[in-house]
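Before any comments, here is the structure.
The values are calculated or read from the model by the stated rules, or taken from the named source; none is laboratory data. This structure is a prediction, so every number in the text was calculated from the model and none was measured. All Cβ positions, glycine included, derive from the backbone under ideal geometry; neighbour counts span all protein chains shown. All accessible areas refer to the heavy atoms of the entire protein, side chains included, with ligands and DNA or RNA removed. Shrake-Rupley method; radii C 1.70, N 1.55, O 1.52, S 1.80 Å.
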Amino acid sequence: MAWSMDGRADEDEAPPDPAARKPVHHDYTEQDFEGHRAHTVFVGVHVPARRHSHRKHKHHHRNGDKEDRPGPAIMARVRRLSVTEDGETLTPPAQRVQFILGEDADDTTLESHPLFSEMEELVKDGDELEWKETARWIKFEEDVEEGGNRWSKPHVATLSLHSLFELRSLILNGSVILDLDASSLEQVAENVLDSMVTDGCLAYDKRERVKDALLRRHRHQHEKRNHNNMSRLPLIRSLADIGKNHSSCKNFQDGGPRRPAPRNCPPTHISLLQAHDSRGSYLAVPGGAHEDMMVKSPSSLSMHRNHSSGDLPMNGDINHKCNTHFMRKIPPGAEASNILVGEVDFIEKTLSAFVRLKTGTIMGDLTEVPVPTRFMFVLLGPPNSNSSFHEIGRAMATLMSDEIFHEVAYRAKKRDHLLAGIDEFLDAVTVLPPGEWDPAIRIEPPAAIPSQDVRKRPNDNNQKEEFDEEEEEQKQREESGLARSGRLFGGLINDLKRKAPWYWSDFKDALALQCIASWIFLYFACLSPIITFGGLLGEATGKNMAAMESLVSGFVCGMGYGFFSGQPLTILGSTGPVLVFETIVFEFCKQIGWDYMSFRFCIGTWTTIILITLVAIDASALVCYITRFTEENFATLIAFIFIYKAVENVISIGKKYPVKTHPDEVLNYNCYCLPSNYSRVPEHFNWSTVNREFCQVYNGTLSGEGCDTKVYVPDVFLMSIILFLGTFIISVILKDFKNSLFFPAKVRQIISDFSVIIAILSMSFLDYKVGVKTPKLEVPSEFKPTLPSRNWVITPFNGNPFWSALVAILPALLGTILIFMDQQITAVIVNRKENKLKKGCGYHLDLFILAILIQICSIMGLPWFVAATVLSINHVNSLKVESECAAPGEKPQFLGVREQRITHILIFITIGCSVLLTPVLRHIPMPVLFGVFLYMGVASLKGLQFFDRILIMFMPQKYQPDHMFLRQVPIRRVHLFTAIQLACLICLWVIKSFSSTSILFPLMLVVMIGIRKSLDLMFTRRELKILDDVMPEMTKRNQDELCELGDAEVGWLAKILGLCIRK
C-alpha cells in the first residue's frame, strides 16, 4: 500500500530559508580538501561518490547552554524548517538525515541502488507533442547541446538557490507517493492524478488532458531519425567510434516473438508548439479535433523488473531503440530516476508529484537505457510562470545524484524525510557571489571525488570513530609483520602464513598485457646497469668478477627472489656502496697477499649468519623508525644519481668522440713509433708500419708533434645527444598518453604501458637508418668466467690462514649494515600505503631470502645483489592499475598495483639469456639506454613530497600548488623542515661522492634517523604528522597514559613497533 502525502495549505506562502540556521561544523577529511576546488560552483553541489555502508546511529537532541544558542530570529527559522505536521520540533537536518540513514541500517529490504537520472521536457515534434530527453546524470550532468545535436561534456551541476527553494516548496506542497505498486507509466499516472484530484490541486475535468500529456511518446538523444534534412546525420564517425556496434535493444510486443526494430523513425524536425494569446507564447496541448492525433508512450505497457536486464521482456513500441552502447557506462544493478517537466496551457497552477515505486520496473521507452525505473518526478505548469521548470528539473536530478539525498530517497517513510534530505543538501552547498562567477561556465569533474562520510555520521561519534580508525591502523601495521612476535623466527613464520594464501594468485594475476610491457621495460632498465657495474667491478677486483659474473648473479638472485620473496615487486640490482665495499676488500687482500675470492667467501658466510640472526630476532621491526624523512632522502638521492650518471655518460661520449669546433684549423697528425729498450721484436722489424695501438703492444715509444692531437669523429656526439633526449622525451610523452584525448581508452593505455619500449625501438631504428657509429651495448658472448684461472665454485681458504675467517667478521658487520639499510629502505618505499598493496609485505622473509642468495653468490664468486631503489620504484609504477571510467566525466582512480611474481622472474630469466641475445643487443645504442636512465630518475621523483617542497621554495606564494601540507603548516615551517632535509641530502651526496668516505654511507642513513628524532624538539607533533610520519616513541607516551604500569612493561615494545610507517 503506497503512502500518499496530502497537499499542504498556504501554497502561495514563500518557503522559509533553510540555510539561515546555526552552521554545522564538519571535520573534513584529506579527500575533501583534495577535491575542494571542484566543489566551488555557482551553488556548490557535493558531487556524488561511491556508496558506503552506514552505521546505525541513535537520535540525539542538542542540549546546549542558553548562552551558546543562536538568536531568536535564527531559532524561529530553524523551528519553521524542523517542524513536523503535528507541530513537533525536530533536530537540525544533518542529524535528522543521519537518523534516517541509521534507523533501518540492518533492513536488507531497503537496499539502495546506483541511480541513472534522466530529465525530459515536453516539446513538439512535427504535429505531435512528445517528451524529449534534455539532460542525464550518472555522477555528473550531461546536457543536450541546443545547436550541436549532441551530448555536452560531463560537468559538475551548477544550480541556483531559487530553483532549490522552489523544489523544496514543491515537495512540501505537492503530491508525494512512496512505495507505489505500479507496473506501467499509465498506472503511475492514474495514481498521481487521483492524488492530485483528491488534494484539490487538479480539477477533475482536466484530469484526462493531463494524463494524455503524461503518456506522450518519449524520444531520446541517441535515436537516429531519417529525414530529408541529411545534415542532421553525421557523415564521418570518429576513429574512436569505428567498430562499435550501435545495435538496438531487444523489444517484445505483448510477450510475443522478438522482432527487429525498424530503421525508419519519426521525423526529426523539432519546434515548440506556439500558442498566442494575452499571456504570450507557450506550449499548448492539442485538444478537441486533434485528440486522435496524440501518440501515447509505449511505456504505458511495462513489466516488473527482472534481475537480468538483458533478458527483460519489454512491452512497448517496437520503434524504440535502447542505448545499449551507453549501458556499459551504467553501474551494475542501477535503477532509473525519471524527471518530466513541461508547460501546458490548460492548467492554471503548477502540478508536481514525487513518486517512489515499490519495485523497479522497466517502462518501455521512458528511459533511454533498459534499466528499471524506481523514482519519478513530474512537474507541469502554466506557460510564462515565474518558475523555471527546466532549472527545477535539473535541481531534482542533481539531488538524486547526490549520495546522501539518494540514500534518503530510498529510505524515506514520509514527506518530512525528503524535506530533511533537501535541507541537509542546502546546508552542504557552497554559494558563489553572482558578480564573481559566471554560472554558464561548465566546471570540469574533480580528479578525486571527496568522501561524503562526514555528512553521514553524527558529530557526537567523531571522537570515537577516530579512535577506532587509529586502532584499525595499528592493527594493520601489526599484521604487516613490523612488530616483535616474542619468539625466534616469529616474524618469518608470520610472513610465510601471510603470503602463502596469495602465492598462486601471484602467478594468475600476471595475465595482463601490462605485465609484458613492464617485463620488457625493466629488462633493458636492469641489463645496462648490470653490464656497466660488471665493467667497473672488473677494474676494481682484477677481473675476478666482471660483466659475465654480474649477468649470472642477476639470473640466480632474480630467480630465487622472484619465486620465494615476500615482496616480488622489489627489484634486485647492483649498488654503488657494494662496489666500494668490494674495492676496499680487494685492496686489503692485495696488500697482505691473501686470496681475494676466498676471503670474500668468508665475509659472505658471516654476513649470511648475521642476517639470519637478525631475521630470528625480528630485527626488521626496527623499520618502523624509518619515516618519510629518511626514505624520501634516500629515494631522492638515488634518483639524482641516476639523472647525474645518465648525463655524465653522454658527456663522456663527447670526450671519446670530440666535436671539431674550428673547421679551419689545420691538424697535425705526424706521429710515429720508435723502438724502446723493452721492445721484443725481430732485428729487422719495420717500425714505420706500426700504428698507435700496436706500438703499445710491441712496447714501442710514440714520438711526433701529432701524437697528442685529438682525432675528431663527425656526428657521433651529436647523434648520441639526439638519441638520448629523443628516448627521454618519447618515454615521458607516451607515458602520459593515457590522459590524452585521442583514441579509445584501451589504445591509450597500451601506448602508455609500452612507452619506454616504443622509445627504445624507435630511437634504435633511427640510429640504424642514419648509420652513425654510435657506441653500442656490449654483452659477453660466451658463458665462462672472466678470469680463466678461477672456477664457478670458490675454495673456502685457498692458501689463506684459517684465522682469516675470524678477521672476516669485521667487514661482514659493515656489509650487513650496508645490505640491511639498502634492502629495508627500498622495501619501505615499495610497501608504502600510497601504493595500496593488498597482499601484504614480508620484511622478514625478504631479508631471509636475501641472506640465502648472498651465501650462494659467495660460493659461486658472484657479485651481491640487493634491492635497487629506482628500479623497484619504476617496477611498481609500471604495474599501477587505474579504474576504467564507468560514469561519464569520472576520472580514472588509482586502484593499486598488479601484485605478481611473473614480471620479476621473466626479467631475470631474460638477463640470464642475454648471452644468447648478443647479436640483437649489440644493435642497441648506449645513448638510448642512458635516456632510459634519465627517464627512470625523473619518474622516481614524481610523488615525492620532499621534491615537491624543494620546488615550492623557488615559487612565489601566489603560484604555489594547493598541497594539503601548505594549508595546515605555516610556509616558514615548511621551508625550515625542507631546508633541514635538503642539508641532509647534500651530506649524503658528498659522502657518497668520495671513495674514501662512501663506505660510511649506510651508517649515515642510521644517522638520518637520529636527526629525524631530534626534530621532535623543533616541530610540533601535528606539524611532523603532516610533513612526515610520527615516530613510534611519540605514540608511546599516549599508550602509557592508557595502560597500567605492569601491562606497559610487558606489552609496550610490541605495541610501539606495531605503529610502523605507513608504507
Surface per residue (accessible, 1.4 Å probe) for region 482-598, Å²
37 Å²
Share of accessible surface on carbon and sulfur in region 126-224, whole %, 1.4 Å probe and ligands ignored, is 47 percent
For Leu572, distant residues with modelled amide H under 5 Å away:
Ala868
Quick check on my link table: of Lys660/Lys776; Lys124/Lys349; Lys769/Lys880, which ones sit more than 29 Å apart, alpha carbon to alpha carbon?
Lys769/Lys880
Can you tell which of Ile794, Ala745, Met719 lies farthest toward the positive end of the dipole of region 701-805, using +1 and -1 charges on the Cβ of basic and acidic side chains (Lys, Arg; Asp, Glu)?
Ala745
What percentage of the solvent-accessible surface of region 839-972, computed with a 1.4 Å probe over protein heavy atoms, is contributed by carbon and sulfur atoms?
66 percent
Accessible area in square angstrom per residue, region 815-867, 1.4 angstrom probe
21 Å²
Ignoring ligands and nucleic acids, what accessible area does Glu436 show with a 1.4 Å probe (Å², nearest 10)?
140 Å²
As a quick test, which of the pairs Lys358/Lys414; Lys329/Lys746; Lys329/Lys358 have an alpha carbon distance above 18 angstrom in this structure?
Lys329/Lys358
Give a quick list of GluC sites (Glu not before Pro) in region 883-990 that DSSP marks as loop, anything other than H, G, I, E or B, with at most 16 other Cβ atoms within 10 Å.
Glu884
Looking at region 336-371, which GluC sites (Glu not before Pro) are in a loop (DSSP not H, G, I, E or B) and have at most 16 other Cβ atoms within 10 Å?
Glu348
Over region 605-668, give the accessible area per residue in Å² for a 1.4 Å probe, as an integer.
43 Å²
With a cut-off of at most 13 other beta carbons within 10 Å, and DSSP calling the residue loop, which chymotrypsin sites (Phe, Trp or Tyr not before Pro) in region 950-1028 qualify? Please list them.
Phe954, Phe994
Set the Förster radius R0 to 41 Å, insert the Cβ-Cβ distance between Lys942 and Lys590 as r into 1/(1 + (r/R0)^6), and round the FRET efficiency to 0.05.
0.40
Surface share of carbon and sulfur [accessible, 1.4 angstrom probe, percent] for region 477-635
70 percent
Two decimals is fine: what's Rg over Rh for region 694-820, C-alpha atoms, Kirkwood radius as Rh?
1.20
Based on the Kirkwood radius over alpha-carbon pairs, what value in µm²/s does the Stokes-Einstein equation return for the translational diffusion coefficient of region 310-455 at 37 °C and 0.692 mPa s?
183 µm²/s
